[in-house]
Structures are given as structure tokens and as C-alpha cells.
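*Asks:* Please see the structure below; I have some questions.
The numbers here are math on the coordinates, done by the rules we state, and not lab data. Small disclaimer: the values here were computed from a predicted structure and weren't measured. Virtual Cβ from ideal backbone geometry, glycine too; neighbours counted across all protein chains shown.
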2 protein chains.
Amino acid sequence: MQGEENLSRRLREKIAHRQEILEAAKRVFARKGFHAATVDEIAQEADFSKGAMYVHFANKEDLFLSLIQEKTEELGERLEEVVHSADDLENKVRKFVKTYLDAFDEDKEFFQIIAAEHPRLTAQTQDRLQLRLRERYLETLRLVDEMMQEGIHQGRLRQTEPRFLGITLLGIIHSFTAQWLLLGRKDPLSRMESLIVELFFGGARDNRKVGSRKGEKDVSP
Amino acid sequence: MQGEENLSRRLREKIAHRQEILEAAKRVFARKGFHAATVDEIAQEADFSKGAMYVHFANKEDLFLSLIQEKTEELGERLEEVVHSADDLENKVRKFVKTYLDAFDEDKEFFQIIAAEHPRLTAQTQDRLQLRLRERYLETLRLVDEMMQEGIHQGRLRQTEPRFLGITLLGIIHSFTAQWLLLGRKDPLSRMESLIVELFFGGARDNRKVGSRKGEKDVSP
DNA sequence: TACTTTTGACTGAACAGTTAGTCAATGACT
DNA sequence: AGTCATTGACTAACTGTTCAGTCAAAAGTA
């Protein structure tokens with residue numbers, strides 16, 4: 001009885017410590033990037049010795065990838081859920097954007113890391129964790145492709161390579177997150193949801209039906 | 001007479017060598033990124049010794065920033081030129097996009113470096129070169145802001161913060177360059193010019209005036 | 001319960017590999 | 001001869017990783 005309870009106490013503490021290290025690592029990696037961050041600094045931030053790092057993780061890269069994988073997997077799954085639960089294309093896109101922006105507001109440090117390290121993460125590698133991450137990224141890309149393909153077939157999106165429309169949507173989203181990170185804006189990015197969706201579907205052109213102002217030529221091609 | 005000619009020959013050679021080093025460095029930085037690239041490897045690629053690096057550049061970072069600055073400055077100036085030389089908003093945007101995409105097709109390695117290192121480049125710093133780079137980036141951002149502001153005042157763009165429209169345009173462009181780099185596509189990105197411009201102005205929605213297909217609801221809000 | 005033994009997370013210091021940067025010597029060109 | 005670009009061995013510092021030793025908690029024993 002007591003034995004089992006005590007054992008689980010040790011385990012719970014270990015897991016908690018692992019989590020503390022991961023959170024410290026997230027802060028340091030977000031500040032410095034993978035290469036410039038040192039194991040020493042992470043250990044210090046987590047208030048453990050350097051050796052303790054290697055109880056929980058095989059090496060620095062393993063620590064880094066473990067950190068990213070959890071969130072990536074979770075976000076990827078959430079995105080698939082919300083997209084598949086919506087019936088209408090416009091709702092799918094709207095929910096996709098909302099989910100992404102909410103995740104950003106919840107954990108900017110994670111997106112800071114991703115923004116800086118994405119090229120490395122999608123590079124070729126033998127590492128299992130990194131392969132899985134790459135796969136996860138491609139799955140999300142495929143999810144967006146599906147959405148676009150569907151929209152094109154329904155005649156609701158312009159007739160192009162679905163991937164190009166996907167790139168466009170993701171590009172707009174990433175550009176907003178990057179801007180929020182660059183300027184250190186504290187207001188929630190989720191407030192941009194409808195603007196982003198409208199810009200994606202309708203573009204930047206003013207579509208209001210008003211009499212033209214002075215000196216304007218007709219814009220439509 | 002002869003002396004002056006000889007002096008200039010030496011100078012010309014020195015300048016040429018500097019250029020060779022810069023080009024070798026570009027290849028290595030594009031492959032490895034700033035941190036993972038070593039001065040030894042750059043020297044080897046340039047077919048010089050490591051010591052020769054330090055004749056031309058104060059240190060590794062100076063080499064890196066010099067490399068980027070030249071192109072950045074040139075691209076920034078070219079963008080300002082073409083934008084200011086066009087009269088119409090749509091032409092400004094079109095030329096902006098074309099100039100950017102052409103520059104990408106001309107030198108993908110440069111954009112590979114920028115894509116990977118942009119967060120570091122816009123970070124806070126004391127370094128003079130890096131400060132100048134950050135300033136150059138902000139100037140281009142301002143250029144885009146101006147374009148958008150003008151379009152908004154003319155009633156040709158939707159009434160929002162000009163910066164948001166700028167983010168959108170740049171986001172779409174960057175997303176396409178990133179995709180081209182990720183997949184190693186060899187076909188010129190400049191072929192995407194009109195698609196990108198149309199997506200920016202008109203969005204992803206299909207605007208053709210055709211009878212709706214089966215099972216479609218009206219999409220417009 | 002009182003004791004001994006075992007476990008294993010954790011420490012801290014040492015290790016080993018790497019790499020940016022230096023400099024005395026070399027050699028080529030004027 | 002004098003100047004200057006170039007070399008490449010060297011240094012100094014940094015940093016990821018290891019490991020013998022520590023100690024509190026868990027398990028075993030009577």
C-alpha cells in the first residue's frame with residue numbers, strides 16, 4: 001500500500017521536475033535560439049544542476065525537440081478537429097485561423113521558437129523526433145490543402161493549385177504572428193481573426209459599393 | 001606611372017578576393033546557417049586560409065552582416081525606385097512584387113539566409129551594421145505602409161491600419177519564397193507574380209460570374 | 001515499529017571536442 | 001629592399017557530455 005503510494009510520489013516529482021526543465025528551456029530557447037542557448041543557462045533557469053538535464057533528456061537536441069513536439073502535436077490535432085467538425089468552407093477557415101491565433105496568444109514563446117527555428121526543423125535529418133515533427137508539419141499542410149481543394153471544387157475558391165491558396169492563408173497568419181512578436185505587442189492576436197479571414201477570402205481591395213471619390217479611375221481589371 | 005598602375009592592380013585583387021570570400025560565405029551560410037557555419041569551412045570554400053578572412057573582416061559576424069547588407073541595401077533601393085516610379089497603386093504593388101520575386105530568382109541563397117536568420121537580424125543589438133540592417137528593413141516596411149496608406153485614402157483598399165495590409169502582402173510573398181526554398185523548386189518564382197497580386201487585391205474567393213454549381217449556398221457575407 | 005539496505009535523482013567537477021581569433025614566418029610582387 | 005597579402009600552427013575560451021559520489025526517500029527485515 002504505502003510502497004505503491006511512495007513510488008508514485010517519486011515518479012510524480014520526477015515528472016514535475018521534467019516539466020520545470022522544459023518550461024525553463026522554453027524561455028531560454030525563445031530568448032536565444034537553439035544554438036546560442038547553453039545547457040548551463042537552461043539548468044540555471046530551471047534551478048537544477050547541469051547533470052540533472054541528462055537524467056531527463058539524452059542531449060540538448062532531444063530536450064529541444066521534446067519541448068516542441070508536445071505543442072506541435074497538440075496544435076496539429078486541434079486544428080484537424082476544428083476543421084473536420086465544421087461543415088462549411090468559410091467556417092473551416094475561420095475556425096482554423098481562430099484556433100491558430102488562440103494558440104499563439106496562449107503561448108507566444110513557443111511560436112517565437114518555431115518562427116526562428118522552422119527552417120532547421122524542416123531540414124533533412126535522421127533524428128526520429130525531428131522526422132516526426134516534419135511529418136506533423138506536412139500533415140497540417142495537407143489539412144490546409146484539403147480545405148482548399150474542397151473549396152475549389154465547390155467553385156467557391158479561384159481555380160488554382162490548392163497549395164498556392166494554402167500558402168497564402170498560412171503566409172498571412174505567420175506574417176501577423178511575426179509582427180506581433182517583433183513589436184512585442186501585448187494585445188491578443190485573436191482580435192485579428194475576422195480581418196485575416198476577410199483578407200484571405202476577399203483580398204485587400206475595397207469592395208464597398210460607394211460612389212467613387214474624386215480623381216479615381218476604375219480599379220477592376 | 002607604373003607605380004600607380006601596380007597599386008591599383010593590388011587593390012583590384014584585394015577587392016576581388018574579398019568578393020570571393022563573400023560569395024563562398026554566402027554558400028556556406030545558406031547551407032548551414034550562421035551558427036553552424038565555421039570560419040574554417042568558409043575559408044576552405046573560398047580557397048583561402050582562415051587568417052585571410054581576418055584581413056577583410058573584423059570577425060565572423062562582420063563577415064556575415066557585410067554579406068547581407070550589400071544585397072539588402074540594393075534590394076531596398078530597387079524597391080523604392082520601382083514603387084516611386086509607378087503612378088498607379090496597382091502598378092506599384094505589381095512592380096514591388098515583380099522586383100522582389102526577380103531578386104529571389106536571381107539569388108536564392110541570399111533569401112535562404114534571410115529566411116533562416118531574420119529573427120536574429122531584427123533583434124535588439126548594439127552592432128552598427130546590424131542596426132543599419134534593422135533600419136533598412138523598417139524603411140522597406142515604411143515604403144509598403146506608404147503604398148497602402150495611399151490606396152486606402154484613394155478608396156481602393158479596405159479601411160484598415162495600412163500596416164495590416166502591408167503585413168498581408170509581405171506575408172504572401174514570404175510564404176511563396178519559403179515554399180520554393182523548402183521544396184527546392186527550380187522554376188522561376190516570378191511566374192507567380194500575377195497570382196500573388198491578384199490574391200492580395202482580390203483574395204482567394206472565386207469571383208467569376210457563373211451560375212452556381214449544385215449544392216452551393218451563397219458565400220457572400 | 002526500529003533498523004538496515006537499496007535505489008536513483010541529483011550534484012559538481014572534470015573531460016573532450018570544437019572553434020573564433022592571433023601572429024610570427026613566408027613568399028610574392030613592385 | 002620593402003611592402004603587403006597570405007599562411008597555418010597556436011591559443012584561449014566555450015560548451016556539450018560524462019561520471020563518481022551524495023543523500024533523502026523507498027523497500028526490505030525482524
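*Asks:* What FRET efficiency comes out for the pair A:GLU81/A:ASN207, r = Cβ-Cβ distance, R0 = 45 Å, nearest 0.05?
*Replies:* On the way: r = 32 Å, r/R0 = 0.72.
Once the sixth-power term is evaluated, E becomes 0.90.
*Asks:* Take peptide B:77-84, look around each residue's Cβ out to 10 angstrom, count Cβ atoms belonging to other protein chains, and average those counts.
*Replies:* Mean shielding by partner chains, rounded to a whole number: 0.
*Asks:* If you don't mind, another one. About its Cα centre, how strong a charge dipole does the protein assembly as shown have in debye, to the nearest 20, once Lys and Arg get +1 and Asp and Glu get -1 at the Cβ?
*Replies:* Values: 72 positive and 78 negative charges, 129 e Å.
For the protein assembly as shown, the charge dipole is close to 620 debye.
*Asks:* Related question: Which pairs in the list B:LYS60/B:LYS108; A:LYS71/A:LYS98; A:LYS92/B:LYS98 are over 28 Å apart, alpha-carbon to alpha-carbon?
*Replies:* Values: B:LYS60/B:LYS108 22 Å; A:LYS71/A:LYS98 17 Å; A:LYS92/B:LYS98 32 Å.
Long pairs (Cα-Cα over 28 Å): A:LYS92/B:LYS98.
*Asks:* Read phi for every residue in the range A:187-194 and hand back ³J(HN,Hα) as whole Hz from Karplus 6.51 cos²θ - 1.76 cosθ + 1.60, θ = phi - 60°, with x for Gly and Pro.
*Replies:* Working through the residues one at a time gives 6, x, 5, 4, 5, 8, 3, 5 Hz.
*Asks:* Put a label point 7 Å from Cα along the Cβ direction on A:ASN207, then list its distances to the equivalent points in the other copies in nm, shortest first.
*Replies:* Copy-to-copy label distances at A:ASN207, shortest first: 0.9 nm.
*Asks:* Between helix A:108-121 and chain A, what is the angle of the helix's C-alpha long axis to the longest principal axis, kept within 0 to 90° and rounded to the nearest 10?
*Replies:* Between helix and principal axis, roughly 90 degrees.
*Asks:* Mind checking B:171-182 for the average number of partner chain beta-carbons within 10 Å of each residue's beta-carbon?
*Replies:* Values: counts 15, 10, 2, 5, 11, 4, 2, 7, 7, 1, 2, 6.
Averaged over the peptide's residues, the number is 6.
*Asks:* Using a 10 Å cut-off on Cβ to Cβ distances, tally the other chain neighbours for every residue of B:118-127 and report the average as a whole number. Mind showing how you got there, number by number?
*Replies:* Details: counts 5, 10, 5, 0, 3, 5, 0, 0, 0, 0.
Mean shielding by partner chains, rounded to a whole number: 3.
*Asks:* Would you kindly work out, in nm and rounded to one decimal, the distances from the label point of B:LEU183 to those of the same position in each other copy, ordered shortest first, with label points 7 Å along Cα-to-Cβ?
*Replies:* 3.3
*Asks:* Then there's this: Kindly identify the protein assembly as shown as rounded, prolate or oblate by the Cα gyration tensor criterion: order the square roots of the eigenvalues as a ≥ b ≥ c, call it rounded if a/c is under 1.5, otherwise compare a/b with b/c, prolate if a/b is larger, else oblate. Write down the numbers at each step before the final one.
*Replies:* Working: a/c = 2.08, a/b = 1.05, b/c = 1.98.
It comes out oblate by the Cα gyration axes.
*Asks:* Please list, in chain and number order, the residues 5+ apart from B:PHE48 or on another chain whose amide H is under 5 Å from its amide H, with Hs placed from the backbone.
*Replies:* none
*Asks:* According to the square roots a ≥ b ≥ c of the eigenvalues of the Cα gyration tensor, what is the shape class of the range B:60-202, taking rounded for a/c under 1.5, prolate for a/b larger than b/c otherwise, and oblate for the remainder?
*Replies:* Numbers: a/c = 1.95, a/b = 1.34, b/c = 1.45.
It is oblate, given that a/c is not under 1.5 and a/b is not larger than b/c.
*Asks:* Separate question: Taking a point 7 Å out from Cα toward Cβ as the label site, list the nm distances between A:ARG27 and the same residue in every other copy, smallest first.
*Replies:* Between copies, matching label points for A:ARG27 lie 4.4 nm apart.
*Asks:* May I pose another question? Counting only residues 5 or more places away or on other chains, whose amide H sits under 5 Å from the amide H of A:LEU157 once H atoms are built in the peptide plane?
*Replies:* A:ILE152, B:ASP206
*Asks:* At B:ASP40 and B:ARG185, where each label point lies 7 Å from the Cα along Cα→Cβ, what is the point-to-point distance in nanometres?
*Replies:* If labels sit at B:ASP40 and B:ARG185, their model points lie 3.9 nm apart.
*Asks:* When a footprinting reagent is the concern and you count Cβ atoms within 10 Å, what order do B:ASP107, A:ASP47 take, fewest first? Walk me through the numbers before you get to the answer.
*Replies:* Numbers: B:ASP107 15, A:ASP47 11.
Taking fewest neighbouring Cβ atoms as first place, the list is A:ASP47, B:ASP107.
*Asks:* Something else: Using θ = phi - 60° and the Karplus form 6.51 cos²θ - 1.76 cosθ + 1.60, what ³J(HN,Hα) does each residue of the range B:139-149 get, whole Hz, x for Gly and Pro?
*Replies:* 3J(HN,Hα) across the range B:139-149, in whole Hz: 4, 5, 4, 5, 4, 5, 3, 4, 3, 5, 4.
*Asks:* Still on this structure, please answer the following. Select from A:ALA86, A:SER190, B:ILE173 the residue farthest towards the positive end of the dipole of the protein assembly as shown; place +1 on Cβ of Lys and Arg, -1 on Cβ of Asp and Glu, and compute about the Cα centre.
*Replies:* Highest projection toward the positive end goes to A:ALA86.
*Asks:* Angle, helix B:162-183 long axis vs. longest principal axis of chain B, Cα atoms, 0 to 90°, nearest 10?
*Replies:* 60 degrees
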